[in-house]
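The values are calculated or read from the model by the stated rules, or taken from the named source; none is laboratory data. Keep in mind the model is a prediction, meaning the values are calculated, not measured. All Cβ positions, even for glycine, are placed from backbone atoms using ideal geometry, and neighbour counts span all protein chains on display.
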Amino acid sequence: MKTLITLIFCYLLSVFTLSAQSEATLKGSSLIAGTVDLSSIGLANVTGGSRTFFFNLQPSYQRFIVDRIAVGGIATITGNSGGTFSQTRIGVGPKATYFIDSGNDWIPYVDGSLLYGRSQNDGLAGVNEVGNFLQAGVSVGMALRKDHLGILFDLGYEYTNDDTIGNPINQIFVSVGLVGFLYQEIEE
């Protein structure tokens, strides 16, 4: 049974790595992506029972340094407010993505990023603070690509350490974003 599982695993791995690959993830290609998150949640213990409104914009640019592996940068602009409390974060950092591209329109991927920036809290417990934050994130997802455009579906985890909050934040997230693949089509 163990041998059968090993053979199935090796077969699936070879299907992903030895099969056709689209030109979108070849060395020298680039991608521009971005997500926008909007939400409204109740945080009674932080905002005194009022709703908290949340906004997050994360654009990124990556270049394929080898087939299927892209590295580049990511930025974030985040704001939230509710009751007598508001917070703003602005940060930048590196991002790397591995695409499991088998030439299909659906391209699975794994990525990681590290963001560093400034954070400002106004009114939390009557105190206005400015500090730094560090955020590490990993995710798995699928890119639905049609020619040069696509939609990203992410499931991930983020760990944030923010000087203005005090306690680290662990967050599991689901996001949807847009991506543009910049590449030259290969003549056949």
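When we screen K146, K95 for residues that are of a type in the set (K, R) and within 17 Å of the chain's Cα centre (by Cα), the only hit is K95.
For (1) out of contact with any strand residue (DSSP E or B) (no Cβ under 9 Å at 6 or more places or on another chain); (2) not small (G, A, S), each residue gets a yes or a no:
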| residue | (1), (2) |
| --- | --- |
| L57 | no, yes |
| S60 | no, no |
| V66 | yes, yes |
| A70 | no, no |
| T78 | no, yes |
| G82 | no, no |
| F85 | no, yes |
| I90 | no, yes |
| Y98 | no, yes |
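Screening the candidates G123, G177, G150, G166 for the property of being within 28 Å of S81 (Cβ to Cβ) and at pLDDT 90 or above yields one hit, G177. Checking the structure you have, find out if any residue of region 170-181 is exposed (fewer than 13 other Cβ atoms within 10 Å of the Cβ) and among the polar types (S, T, N, Q). Yes.
Going by the structure shown, is L115 modelled with pLDDT under 95 and either more than 14 Å from the chain's Cα centre (by Cα) or of a type outside the set (G, A, S) (or both)? Reasoning before the result, please.
Working: modelled with pLDDT under 95: no; either more than 14 Å from the chain's Cα centre (by Cα) or of a type outside the set (G, A, S) (or both): yes.
Answer is no for this residue.
Of the residues making up region 80-93, none is farther than 15 Å from T35 by Cα, among the aromatic types (F, W, Y) and modelled with pLDDT of 90 or more.
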